[in-house]
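> One structure, pasted below without further comment.
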Amino acid sequence: MGPITLFDKSFLQQLNIDEAVWFDNFFYPVIAPLFFIETLADLEKTPREGKTAEQEMGIIASKTPQMSGGPCHFHRELCIQDLLGNHVPLTGQIPMAGMRRVVRDGKESGVLEVSPERKAFDRWQDGQFYNLERNHARQWRAHLARIDLGAIEQAMKQSGIDSKSCKSLEAALKIADEVVLGLSKSHGRFDSMLEVIDIPLSVRPHVKHRWKMMKRPPLRTFAPYAAHVLRVEIFFRAALGANLIASTRPSHRVDMSYLFYLPFCTIFTSTDKLHRQCAPLFMRGNQEFVWGQDLKADLRALNEHFSSLPPETRAQGIYKFADRLPDESQGLIRALFQRHTPSLLRPKVTVDVSKISAEANAKLVKTIKDLESSEGDDTPFAADKELDSLILKRTVLRQRGNWMQIGPEVSDQGR
């Protein structure tokens, strides 16, 4: 696994299934909730000629990462927790949805079950859809149809933001920064912020009380992630008012929302032109936007390289023969590894498992099972503390596309 990489639906759509396998193998994908919602909405979308909506969804589901990565928490829930003082790191770690905290013998661990989204993707790949999902898809498509970006554009123009006062995306970002900076100047502005980022009415009094008790600090100090989300939102609205982003495509609302998840990755890859224009404005110095078609080309080259290996090697499973980037790969992916995960280019340190005693192995298995069966602790994970252990559960197809992901020595369990 390589750099932590946020992707959107447009990127996955342009990959074939073999290229998707190598993306899953050499990167650590962030699955944003928006990706699940967008894919679900395809049930109500007019499919390509010769394909049903169910078949289109099955194709996307078959390309969705299985081996690595994980689903991220919904940004609205993260904003709520951030405003209440339960901050999340903004340095490239994924706040994974469904993680439960377990404390045993004074040690803090995390157990991540197979997510409902992953289970849904598995069913969709097999052509199984629930009526509830069809209803959600219908509602989401209707919601998109009701989005009136033109109204936002007009509202911004009435407030003085237009093509004359805001001539570039950088200028729109400056406006957003000024808005975020000025929030601590009045209770009214702070209330407006809570409205813009859609904080529930029941939560707002608790947030305002905490803010007052801390003597009304700037939002970036008080709730750094909420400040990021607000910054993206105000930027988007200013860019609409200045006609820097077209108000004629409701999908721009969803596309822009992917930027809410930028703090939780090192790389963002997409084939969306709006992402290519806007995402770099919100990225840290150690982050990078990668054009999806360029990454696809290098994934295709990797697939060609591994396809030339002997059949007996390929039959072992890619986790055995492709656990390191091959020397033959000298393109974009190697450059990304060199910039972001150089340690993964060093020779692998192998451990002779045959030297592990039966007693030590049994103790390890018991520890894992004890953690799995333990009830979770509702206390939030500490943002500045490393876990002592982490258990990630996954459902993985033995074979995907032309590739054996899991070798024959591993028994089948479910999928």
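All of the numbers you see were taken from the coordinates with simple rules; none came from a lab. Keep in mind it's a predicted model, so treat the numbers as computed, not measured. Positions of Cβ are backbone-derived with ideal geometry, glycine not excepted, and every protein chain shown enters the neighbour counts.
> Residue by residue through the range 364-371, which ³J(HN,Hα) values in whole Hz follow from phi under the Karplus form 6.51 cos²θ - 1.76 cosθ + 1.60 (θ = phi - 60°), with glycine and proline marked x?
My calculation for the range 364-371 gives 5, 4, 5, 4, 5, 5, 5, 5 Hz in order.
> Determine the shape class of the range 89-244: with a ≥ b ≥ c the square roots of the Cα gyration tensor eigenvalues, call it rounded for a/c under 1.5, and otherwise prolate if a/b is greater than b/c, oblate otherwise.
Oblate, since a/c reaches 1.5 and b/c is not below a/b.
> Shifting gears a bit: Work out from phi, with θ = phi - 60° and the Karplus expression 6.51 cos²θ - 1.76 cosθ + 1.60, the ³J(HN,Hα) of each residue of the range 78-89, listed in order in whole Hz, and give x for Gly and Pro.
Result, rounded to whole Hz: 5, 4, 4, 5, 5, 5, 8, x, 9, 6, 10, x.
> I would also like to ask the following. Nearest 20 debye, what's the magnitude of the dipole of the range 149-248 about its Cα centre given +1 on Lys and Arg Cβ and -1 on Asp and Glu Cβ?
Roughly 500 debye, rounded to the nearest 20.
> Roughly how big is the chain's charge dipole about its Cα centre, with Cβ charges of +1 (Lys, Arg) and -1 (Asp, Glu), in debye to the nearest 20?
Here the size comes out at about 1000 debye.
> Using amide H atoms built in the peptide plane, which far-off residues or other-chain residues are under 5 Å from L390 H to H?
G110
> Okay, next question. Lys and Arg at +1, Asp and Glu at -1: add these up for the other residues within a Cβ distance under 14 Å of K208 and post the number.
For residues surrounding K208, the net value is +4.
> Collect residues whose amide H, placed 1.01 Å from N in the peptide plane, falls under 5 Å from the amide H of I31; neighbours closer than 5 in sequence don't count.
Distant-sequence amide H within range of I31: G70, C72.
> On C-alpha positions alone, give me the angle between the axis of helix 224-241 and the longest principal axis of the chain, in degrees, nearest 10.
Tilt relative to the chain: about 60 degrees.
> So, one more: Count of lysine pairs in the range 73-210 with Cα atoms under 21 Å apart, counting only pairs 8 or more residues apart in sequence or on different chains?
5
> List, in order, the whole-Hz ³J(HN,Hα) value for each residue of the range 8-22 obtained from phi through the Karplus relation with A = 6.51, B = -1.76, C = 1.60 and θ = phi - 60°; use x for Gly and Pro.
Working through the residues one at a time gives 10, 5, 4, 5, 5, 4, 7, 7, 7, 5, 5, 5, 5, 4, 6 Hz.
> Just want the answer: with Cβ charges of +1 for Lys and Arg and -1 for Asp and Glu, which residue in G85, A20, G188 is farthest toward the dipole's positive end in the chain?
Projecting each Cα onto the dipole axis, the largest value belongs to G188.
> May I pose another question? Taking amide H positions as placed in the peptide plane 1.01 Å from N, state which residues far from R400 in sequence (5 or more) or on other chains have amide H under 5 Å from it.
Q405
> Taking K and R as +1 and D and E as -1, what net charge do the other residues with C-beta under 14 Å from the C-beta of T266 add up to?
+1
> Next question. Sorted by packing (mean other beta-carbon atoms within 10 Å per residue), highest first, where do 319-325, 219-225 land?
In decreasing order of mean packing, 319-325, 219-225 become 219-225, 319-325.
> Then there is this: Under a straight-distance cross-link criterion of Cα-Cα below 14 Å, which aspartates and glutamates are reachable from K212, leaving out those fewer than 8 residues away in the same chain?
The qualifying aspartates and glutamates are D191.
> While we're looking at this one, here's another question. Considering only N286, S357, Q158, whose Cα is most displaced toward the positive end of the charge dipole of the chain, charges sitting on Cβ of Lys, Arg (+1) and Asp, Glu (-1)?
Going by the Cα projections, it comes out as Q158.
> Which one, Y225, S168, L149, is farthest towards the positive end of the dipole of the range 149-248 when Lys and Arg carry +1 and Asp and Glu -1 on their Cβ?
Among Y225, S168, L149, the one farthest towards the positive end of the dipole of the range 149-248 is Y225.
> Another question, if that's okay. Pairs to check: K320/K363; K63/K320; K9/K51. Give those whose C-alpha atoms are more than 23 Å from each other in this structure.
Beyond 23 Å between Cα atoms: K320/K363.
> Specify which labelled value, from (1) 155; (2) 171; (3) 135, agrees with volume of the Cα convex hull per residue in Å³ derived from the coordinates of the model shown.
(2)
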